[in-house]
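The values are calculated or read from the model by the stated rules, or taken from the named source; none is laboratory data. Note that the coordinates shown come from a computational prediction; the quantities given were computed from them, not determined experimentally. Because the Cβ atoms are built from the backbone with ideal geometry, glycine has one as well, and the counts that use them run over all protein chains shown. Just the protein is used for accessible areas: all its heavy atoms, side chains included, with ligands, DNA and RNA removed. Shrake-Rupley method; radii C 1.70, N 1.55, O 1.52, S 1.80 Å.
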Amino acid sequence: MTAAGTTAPRYVPYGKGRFQLTLGIKEVAPADWLDIDRFYSDHMAEKERLLAGSHGEVFAGLPGSEEAQQECLEAVLEALAAFHPGRVFADDRQVRTAWDGGRLNRADFADRPLDLAGRLVQEDLCLMQPGEDGHRLIAASLCFPARWRLADKIGRPMSAIHDPVPGFNDKLNRPVERFFSGVAADQVYMRLNWSVLDDPALFQPTGHGRKGIDPTITPQTVAARLHIRIERQTFRRLPNSGVLVFGIKTLVDPIGAIADRPDLAAAMLGSLRTMPADMRGYKSLAPFADALETWLEERSRPVE
């Protein structure tokens, strides 16, 4: 699921050239809540495959979350009709999907409306309910996890969900909770997350903390073996239930996409070199870190 050719990635969250553990949130127009690109059909087919073969791994909803799930489904359908017409066609009984000509009966999803919503968009959809211990994950359609398991996180508050992330609870948990609590129903926000991986698969429930060096990844093989994984994360409040919708749109590009961009190669190199050791370990950079840095150094030199 990588982009073809050497066109630079759409987003470059490493572009400042130094690592920063910050929220980096900006407000966007409601029209930009859902993002549909040329991989839409491929991503929908992959979701369908995962939901058919591993439903319990990629969907979960706590009892009592059905109302918020239904509200999220209606918000997705409304946004698709308004800003992405022709992708789906819905009535009270069915939702028809243009990408494959499929028909999804609403009645089949009466006890899990978020499951239906997740089959219509490239985003994974996580519902976060506010409470005394912070926002808690009450339902999710999560087909493209970046090395975490839904079963480990469902029902848990933000602090527990992000406990494995170095520095999150010390630096970001309180600001994130303040931000979540301040999101109004008519607002949409976005932030970006990024990593470099040696696997382009969208579904990656494991893989954090790898330490061994992979000798097959060398400066000569980096362009063919490594990938930039970007998460376009979005946030909006459902007005009736008060639940926050956390959307995760995953984009994967071959790292060769920046091979002819010395500015981006230098920026990524700077970001990696200023990344704390515990974060580098968490992101499993060890198997290829030296090869990647050498490759980026070579690509950072201006072409004469």
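Figures for the structure shown
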quantity: Verdict on L202 being surrounded by 17 or more Cβ atoms within 10 Å (Cβ to Cβ) and either among the basic types (K, R) or closer than 29 Å to H55 by Cα (or both); calculated: yes
quantity: The listed residue being basic (K, R), crowded, with 18+ Cβ neighbours inside 10 Å and touching a residue at least 40 places away in the same chain (Cβ under 8 Å), out of R236, R191; calculated: R236
quantity: Considering residues of segment 264-295 that are of a type in the set (D, E, K, R), modelled with pLDDT under 95 and in a helix (DSSP H, G or I) only, the residue least open to solvent (accessible area, probe 1.4 Å); calculated: R280
quantity: Selected residue (criterion: farthest from I154 (Cα to Cα)) from residues of segment 198-242 that are in a loop (DSSP other than H, G, I, E, B) and of a type in the set (A, V, I, L, M); calculated: I217
quantity: Meets criteria (open to solvent by less than 40 Å² (accessible area, probe 1.4 Å), over 30 Å from G131 (Cα atoms) and part of a strand (DSSP E or B)) for V245; calculated: no
quantity: Test result for S195, among the hydroxyl-bearing types (S, T, Y), assigned to a helix (DSSP H, G or I) and either closer than 30 Å to D278 by Cα or out of contact with any His (no Cβ under 6 Å at 6 or more places or on another chain) (or both); calculated: no
quantity: Enumerated strands (runs of 3 or more DSSP E) restricted to segment 1-100, each holding at least 2 residues that are in contact with an Asp or Glu (Cβ under 6 Å, 6 or more places away or on another chain) and open to solvent by 40 Å² or more (accessible area, probe 1.4 Å); calculated: none
quantity: Selection within segment 209-233 - touching a Phe, Trp or Tyr at 6+ places or on another chain (Cβ under 6 Å) and closer than 30 Å to G131 by Cα; calculated: I230
quantity: Meets criteria (aliphatic (A, V, I, L, M), open to solvent by 30 Å² or more (accessible area, probe 1.4 Å), modelled with pLDDT of 95 or more and under 15 Å from the mean Cα position of the chain (by Cα)) for L125; calculated: no
quantity: So E298, is it more than 22 Å from the chain's Cα centre (by Cα), over 19 Å from I230 (Cβ atoms) and surrounded by fewer than 16 Cβ atoms within 10 Å (Cβ to Cβ); calculated: yes
